[in-house]
Amino acid sequence: MGDGADNLSAAKSQRMRQLQQMLQRQPDDPFLLYGLAMEYKKAGEPTTAIEYFDQVLRRDPNYCYAYFQRAQAHESLGDVEAAKRTLREGMDAARRSGDAHALSEIEAALALLE
């Protein structure tokens with residue numbers, strides 16, 4: 001019975017290790033940081049995920065989907081106000097970068113919270 005969960009955990013650990021190794025070579029790569037943030041989010045570690053999403057956004061303030069995912073992590077922690085704030089920041093980023101699709105998705109997410 002535990003084999004499936006063990007395999008999933010091992011795969012998660014493997015992906016996290018690979019991303020960490022790549023980050024050692026490219027510590028400022030927003031894509032790698034985003035990937036690691038997503039792994040922590042999927043692993044049920046939203047606080048750590050938020051820390052990595054914050055690093056992504058410090059390096060690339062227009063990484064629209066990092067705002068979307070960070071907001072979901074805040075919401076999973078019960079911090080709806082931080083989630084809303086993050087989504088509003090993401091809307092600004094989408095406008096700055098001209099990403100109409102991201103803007104639409106982020107607006108829809110915010111509407112669900114308000």
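Rule-based calculations on the coordinates, nothing more; no lab input. Bear in mind the structure is a predicted one, so any value in this text is a computation, not a measurement. Note that each Cβ is placed from the backbone with ideal geometry, even for glycine, and that neighbours are counted across all protein chains shown.
Values computed for the structure shown
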read-out	value
Dipole axis of the chain (+1 Lys, Arg; -1 Asp, Glu on Cβ), positive-most option in 48, 65, 27	27
Angle between the chain longest axis and helix 30-42 axis [Cα atoms, degrees, rounded to 10]	70
Shape call, region 3-113: gyration tensor on alpha carbons, a/c limit 1.5	oblate
Nearest-ten-degree value, helix 64-76 long axis tilted from longest Cα axis of the chain	70
Radius 13 Å from Cβ of residue 32, net charge of other residues (Lys, Arg +1; Asp, Glu -1)	0
Percent RCO, i.e. relative contact order, over the chain, from Cα pairs under 8 Å lying at least 6 residues apart	17
Built amide H within the under 5 Å cut-off of residue 45, gap 5+	none
Using alpha-carbon coordinates, inclination of helix 3-25 to the longest axis of the chain, degrees	70
Net charge dipole size for region 3-113 [Lys, Arg +1 and Asp, Glu -1 on Cβ; Debye, nearest 20]	200
